[in-house]
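Below: one structure, written as structure tokens.
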Amino acid sequence: MKIQDSQYLSALQIPNQFPGRRTSTREAALQKDGVSFQDILAEKSGRTEGGLKFSKHAANRLADRNIRLTDEQIGRLSDGTQKAGAKGIRESLVLVDQLAFIVNIPNQTVVTAMDQAETQANIFTNIDGAVIV
């Protein structure tokens, strides 16, 4: 059977089927709607500009409680995390305004998040330090 007589196209014939397409897939993959690959990667991995990552559990907690963090609050949370790391803390409670975050310092990951209503008991376990920012 000759491939030229077949109803199927070969890999060499496919580019000829779309003559108007001039954008390479590599260019399209590197930049989509003016957003760089690095920005997309950071968004998909859940990393903030400060380098923090929110675990799925923490992201669900924030969404369930309708908590929206401002850039300023995320910056303060990141600063608190860096201060905790400088003191050798591994699991830290970081208080920002009326919000409490448990952060795994080595992984730079927010493990869980609570608002003022949930912190009424004022009991936090499995931490070895706290930062108030």
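Please treat every number below as a calculation from the coordinates, not as lab data. Every value quoted in this text rests on a predicted model; they were computed, and no experiment measured them.
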In order through segment 86-102: 3J(HN,Hα) via Karplus (6.51 cos²θ - 1.76 cosθ + 1.60), integer Hz, x for Gly, Pro: 5, 8, x, 6, 9, 10, 10, 8, 10, 9, 10, 6, 9, 10, 10, 10, 9
Amide H partners (placed H, <5 Å) of Val131, local residues excluded: Leu93, Val94, Leu95
Potential extension, Gln116-Asp79 segment - 0.36 nm per residue separation minus Cα distance: 11.2 nm
Contour excess over end-to-end distance, with Cα ends at Asp128 and Asn60 and 0.36 nm allotted per residue: 22.1 nm
Ratio of Rg to Rh over segment 60-133 (Cα coordinates, Kirkwood Rh, two decimals): 0.93
Potential lengthening between Ala86 and Asp71 on full extension [0.36 nm per residue; Cα-Cα distance subtracted]: 3.1 nm
